[in-house]
Structure formats: structure tokens, C-alpha cells
1. Which whole-number percentage describes the relative contact order of region 53-130, with Cα contacts under 8 Å and a sequence gap of 6 or more?
2. Once Rh is set to the Kirkwood radius over Cα pairs, what Stokes-Einstein translational diffusion coefficient, in µm²/s, holds for region 26-129 at a temperature of 4 °C and a viscosity of 1.567 mPa s?
3. To the nearest 0.05, what FRET efficiency results for residue 109 and residue 70 with a Förster distance of 25 Å applied to their C-beta separation?
4. Highest first, please rank the peptides 50-62, 100-112, 76-88 by the mean number of other Cβ atoms sitting within 10 Å of their residues.
5. Tell me the Kirkwood hydrodynamic radius of region 68-130 in angstroms, computed as one over the mean inverse distance between distinct C-alpha pairs.
Amino acid sequence: MTSDELRISFFIHHSSLIIHHFFLVMLDIQVIINTPLEEVFNFKCLAASDQNLEIRLRNDGGNILNILSYCDFIGDGETMRVNYLYPQGPQKIVPGDAIAFYCYMDENRFKTFRQIVIYDSDGRSYFKKI
């Protein structure tokens, strides 16, 4: 095998690994301030009242994801860690399934953020513009 053939073979193999990884790990993220579920929480869940921010996550990939119950909000020159998402603890999402996390955040403070970062138990980060 010549060096050009070896380079092409490596490129094809490396590219297929990247594509394979891309399709196996995909997380759709939606962030909703003043979620209508806030009223349900206030009525039914005394321990989880005042939850006005909903973070919906859908696993569009091919692998099971274990999402951690904290996230970061990134704004202009500021990053805020939210480590009080409800429900607490890692949440498993099988391919094609969805979950939601909830927390409270001041609406004016929320408007200052531009991105959310979600983390999984394998050390991956998922960024979404908000």
C-alpha cells in the first residue's frame, strides 16, 4: 500500500468514525421559561413548587444517554451553574425517548443568557443556543 493509499484509508476510516459517533450521540434540547407546567407543580407538588423553567431533552441518537441533573447557562461574560434541577440525579434517556428537568430562574436573569450546556455521565457536553 502506498503512502497516498494509506492516507486515504485512514481518512475514510476516521471520517466514518466521526459520522458514526455523530449519529449515535444526538440530544435535542428545548428551554422554556414560564412553562405552563409551573401551575401543575404548584398545585400537586409542594416540594417542587415554583418551577418556572423547563428543559426538555430528547435522545435522537442510537445510544442510551445518562443525563446529569445540572447544567450551565452562558451569557455575555458570565456562566451560571444550576445544580438544583428537578428531578435530581442522573436520568436515563433511551433512543427516541424524552425527559424534562425543571428549576426556578428569574425571568430577567434568564434573558441575559445565550446558551445552555447539558452534561452526561460519559463526560460529553451538549450546547444549545437559547
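1. 38
2. Details: Rh = 14.0 Å.
For these conditions, the coefficient is 92 µm²/s.
3. Calculated value: 0.90.
4. Values: 50-62: 17.7, 100-112: 14.9, 76-88: 12.2.
Sorting 50-62, 100-112, 76-88 by mean packing, highest first, produces 50-62, 100-112, 76-88.
5. On the way: mean 1/r = 0.0795 Å⁻¹.
Here the Kirkwood hydrodynamic radius works out to 12.6 Å.
Rule-based calculations on the coordinates, nothing more; no lab input. Keep in mind the model is a prediction, meaning the values are calculated, not measured. Note that we place each Cβ from the backbone using ideal geometry, even for glycine, and neighbour counts take in every protein chain shown.
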